[in-house]
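Below: one structure, written as structure tokens.
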Amino acid sequence: MAAVSLENITKTYDNGKVLAVDNVSFEVKEGELFGLIGPDGAGKTSIFRILTTVLLADKGQATVAGFEVVKDYRSIRSRVGYMPGKFSLYQDLTIKENLEFFATVFGTTIEENYELIKDIYDQIKPFNDRRAGKLSGGMKQKLALCCALIHKPEVLLLDEPTTGVDVVSRKEFWEMLKRLKKQGITILVSTPYMDEANLCERIALIQKGKIMSVDTPGNIINSFPTTLYAAKSADIYQLLNDLRANPEIESCYAFGEFLHVTLKDNQNGGADFLKNIAVSKGHSEILIKTITPGIEDSFIRLMNERPEEVRPGN
Amino acid sequence: MKQLFVFIRKEFFHVFRDRRTLLIMFGLPVVQILLFGFALTNEVKNAHIVISDNSGDVQTLQIINKIRASSYFTVEESVLNYKAIEKAFRRGEVKCALIFPAHFSEDLKHGGKTQVQIIADGSDPNTAKTIINYLTAIITDYQQQSSSSGLAYRIIPETRMLYNEEGNGSLNFIPGVMALILMIVCTALTSVSVVKEKELGTMEILLVSPFKPVLVLIAKAVPYLVLSFANFTLIVLLSVFVLDVEIKGSVILLFVESTLFIITCLSLGLLISNATSSQQTALLLSLMGMMLPTMIFTGFMFPLENMPWIFRMISNIVPAHWYFLIIKAVMLKGLGFEYIWKETLILIGMTIALLGIALKNFKIRL
Amino acid sequence: MEEKAIICKELTKQFGDFYAVNKISFEVSKGEIFGFLGANGAGKTTAMRILCGLSYPSSGTASVAGFDVYRQQESIKKNIGYMSQKFSLYENLTVLENIEFFGGVYGVSRKEIKERSNDLLETLGLQKESRKMVGELPLGWKQKLAFSVAIFHRPKIVFLDEPTGGVDPVTRRQFWDMIYEAAASGITVFVTTHYMDEAEYCNRISVMVDGRVEALDTPANLKHQFSADTIDEVFYQLARGAKRSAD
């Protein structure tokens, strides 16, 4: 049985003028760590709110932990742990008071499910009497996770838990999620950071309310249909312009210190072809190689396959 | 039950840890009471009046001297014709004119009664009303003295200031300020505290929790009910000990009626919080939308009698208006429940309606 | 000598006994893209506020576009552009109204506003949307427009505070194309970001930890220095040791 399932879910705002979620269907298996990957405004938060029963979809069906989101909303509410995107706890309550409050609201105590949160709680326990408002971003995030876990939920729904948090805290956070997964909790997490996709078992790439692909990160990368080249030279910006100007180049985007390039005609010797262009334009320190694509490459490719997605306007 | 208790305790933490809220809560009543009590009274001092004495006999002179002697008036001059009086009014030099008819004394002696005319500057109704009250009080006073000396006669109009013989201006303000403060504290703070949860994102969590949504509202209301009660006590104490206002009626009745009004305000606050999603809007709506009508339509700052009928109609749907009437009756007039049951019933009706709408509108979803 | 857009020497901002910014020194050349990285609470925002002329340092010296941060804050403000993820444009004004407003604030003449805004709309492909409310535009387009508006008055330096947060990967790259273009035209770009791949696009980057600049060099040199494959790793090595963190 799927822990979370969505079937043709559609949600609009402003009397149908703004389409936030467009016919979305996917399933999260029991015990899975599933990532919903997409930029702001892709519809991630709306999906989370529909699943946590605080928002009603216009069309479609969804279940969480086997319960229907509209009919059985009460059953779902006691079975999910939820961290909303904007969630920031009670700033004027201490760590302990926050935790105790949420434990009680969910009809449990800190002691009852201590085992589950122990790992995470131990890290912030030394600051038990500090008010949440005085905590760092990373610590707040840990506290929020503890609060979401306190009633031992079957499904954990985390809406952009790592947004605005620095790299170090982000890494720690994903470590915690992995440990929770081992304890059998199903986790649905959303993020705008493409590099975090690889840390999930399966992912859904979402853009403008539409799911572009659902699969394991590996499969998504493997289904990249063409050879991907990385290129760099001393003047990378000029190289970008030179390559884009060439009619044989299908796409060329900056990726860190390299440019990621695909060719229209996927033939052998693409690397030499690129090198020739660079040399003829007078570039120095040229380095061209074939590379394995990342999730971000796939995301960009999928976006470009739907040209309307990169145009402005609604 | 334990959940509710923990929730309420949390609300108290919020209140006691937020200095700003505490300041609004307990600083405001003190400031308001002192401000209204001392600075903004209706009391009139050294008002300029003209007296036209068409009789010029002993008795009119005696009354004029009495008026001169009081600290309320500066007697300008004695003019004889009506046109001169009108001119003085137009120039804004005088606030009031007192006109004695000819044969004042003789009328009194022979007919046992006579009349005086008081003309006040109606462009400033509050002052005018007060001046008229003072003047009639002085004339009545004179009359009583004369009566006690054996001469039994009447001067018409025979008026005296009901319930406020000493002309204590702060009296009328106390019930108004009470209504105002309870309105601000209960309505504004309650609505803000609910909306704050929405802004923080914690409302989403609470909705998703098994905690009953309606209990959220109750938990939010209870601390403010208790605090408002404490607040009300503070106002009463301040009024009695600082402003020397005597509570003439039953203190218990006063508190019972006030508790009812606090619940009205809380319901209103919850209603506002349902309709808004940012703290600013909630605060603005509570302060501007509630405070202004309270100040205007209760009648404690501007007499309702002088307002156009449409305003008087509107005042009927302002809860604070009814509370003001109740408190005035209990506190200043010393009347019992039998005189205010109608007002109380109206207030109860409003409260049930407001609370009903608030609970019905509370969304179990976003 | 190369022209310097920003010069900081021992710049310090102290709140009580807390050093938000602790003796940072660096220089940014004209036309350079300078990445200003740091963990949450490392002091980035405080330093940026000083450089933008919004707050005074406690000690040390700094000049921005040739103006002193103590005495010439008003001149600094006239010569810089600023854009952040949180505040950029007025959502309930149209695209054109926003351009006109911000152009006017920085004293661009009416005639020039008209000319430049036509160019700007054409480059962004927003001609059709010029009378639309900014609030109706997708996030990525808003951010691109905000950047164009920030450099509309041709400032010497533009400060970008996490300009691409939450933006889709294609738009994010289009955004960086615009940054490169601005830098090529001589505008110095001072940028903070949480995307470590974007750090690689900068000419030089600095990493702040606990109020100090712990590393400053070109991305390639930094990777070499910390024997790391990516800037992400460099950052992780530096920031992991951070003692303090606050928002």
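When the alpha carbon gyration tensor of the protein assembly as shown is reduced to an equivalent ellipsoid, its three semi-axes come out at 71, 35, 25 angstrom, largest first. Taking the charge dipole of chain B about its Cα centre, with +1 at Lys and Arg Cβ atoms and -1 at Asp and Glu Cβ atoms, the residue from B:Ala188, B:Phe173, B:Gln32 reaching farthest to the positive side is B:Ala188. What you get for chain C, charging only the Cβ of Lys and Arg (+1) and of Asp and Glu (-1), is a dipole of about 640 debye around the Cα centre.
Where the convex hull is taken over the Cα atoms of the stretch A:67-148, what is its projected area averaged over directions, in nm²? Please list the in-between numbers first.
Working: hull surface 23.2 nm².
Projected area, direction-averaged: 5.8 nm².
With a cut-off of 12 Å between beta carbons, the residues surrounding B:Ile348 carry a summed charge of -1, where Lys and Arg count +1 and Asp and Glu -1. What separates the Cα centres of the stretch B:313-366 and the stretch B:215-257 is a distance of 15 Å.
Kirkwood hydrodynamic radius, computed over distinct alpha-carbon pairs, for chain A: how many Å, to one decimal? Result for chain A stands at 21.5 Å. Across the stretch B:192-201, coupling constants 3J(HN,Hα) worked out from phi with the 6.51/-1.76/1.60 Karplus curve, θ = phi - 60°, read 5, 5, 6, 5, 4, 5, 5, 5, 5, x Hz, and Gly and Pro carry x. Computed from Cα positions, the angle between helix B:337-361 and the longest principal axis of chain B comes to roughly 30 degrees. Annotation: cysteines of chain B without a disulfide-compatible partner (Cβ-Cβ under 4.7 angstrom) are B:Cys96.
Taking the C-alpha atoms only, the angle from helix B:58-69 to the longest principal axis of chain B is near 40 degrees. Across chain A, the relative contact order, built from alpha-carbon pairs under 8 Å that are at least six residues apart, equals 19 percent.
Taking the stretch A:97-170, which trypsin sites (Lys or Arg not before Pro) meet the DSSP loop condition and have no more than 15 other C-beta atoms within 10 Å?
On the way: sites: A:Lys118, A:Arg130, A:Arg131, A:Lys134, A:Lys140, A:Lys142, A:Arg170; in loops: A:Arg130.
Filter output for the stretch A:97-170: A:Arg130.
Per residue, the average separation of C-alpha pairs within less than 8 Å and at least 6 apart gives the stretch A:225-292 a relative contact order of 46 percent. Along the charge dipole of the stretch A:1-80, pointing to its positive end and built from +1/-1 on Cβ of Lys, Arg, Asp and Glu, which listed residue (A:Ser78, A:Leu33, A:Asn23) has its Cα farthest out? So the residue furthest toward the plus end is A:Ser78.
Applying Stokes-Einstein at 25 °C and 0.890 mPa s to the Kirkwood radius of chain B, computed over alpha-carbon pairs, gives a translational diffusion coefficient of 105 µm² s⁻¹. Over the residues of chain B, the helix contribution to mean residue ellipticity at 222 nm works out to -19000 deg cm²/dmol, using -39500 (n - 2.57) for each DSSP H run of at least 4.
Report the full-extension gain for the segment B:Arg19 to B:Asn316: residue separation times 0.36 nm, less the Cα-Cα distance, to one decimal in nm.
Values: separation 297, 0.36 × 297 = 106.92 nm, distance 3.62 nm.
Here the segment from B:Arg19 to B:Asn316 would lengthen by 103.3 nm.
Summing Cβ point charges (Lys, Arg +1; Asp, Glu -1) relative to the Cα centre of chain B gives a dipole of roughly 1460 debye. Among the listed pairs B:Lys196/B:Lys328; C:Lys44/C:Lys78; A:Lys181/C:Lys142, those with a Cα-Cα distance over 28 Å are B:Lys196/B:Lys328; A:Lys181/C:Lys142. In the protein assembly as shown, a dipole from Cβ-located charges (positive for Lys and Arg, negative for Asp and Glu) runs towards its positive end, and of C:Ser206, A:Ile300, C:Tyr106 it is C:Tyr106 whose Cα lies farthest in that direction. Normalised by the number of residues in chain B, the mean separation of alpha-carbon contacts (under 8 Å, six or more apart) gives a relative contact order of 18 percent. Shown here is the pair-distance distribution of the stretch C:4-239: with all Cα-Cα distances grouped in 10 Å bins from zero up to the longest one, the shares run 8, 32, 35, 20, 6, 0 percent. Label positions at B:Leu215 and C:Arg240, each projected 7 Å from the Cα along the C-beta direction, are separated by 4.5 nm.
Counted residue by residue at 0.36 nm each, then reduced by the alpha carbon distance between them, the extension gain from A:Lys134 to A:Val279 reaches 46.6 nm.
Spacing of the modelled spin labels on C:Ser185 and B:Glu106, each 7 Å from Cα toward Cβ, amounts to 10.1 nm. Here the protein assembly as shown is assigned +1 on the Cβ of each Lys and Arg and -1 on the Cβ of each Asp and Glu. Its dipole about the Cα centre then comes out at about 1260 debye.
Any read-out appearing in this document is the output of simple, stated calculations on the displayed coordinates, not a laboratory observation. The structure displayed is predicted, hence computed values, not measured ones. All Cβ positions, even for glycine, are placed from backbone atoms using ideal geometry, and neighbour counts span all protein chains on display.
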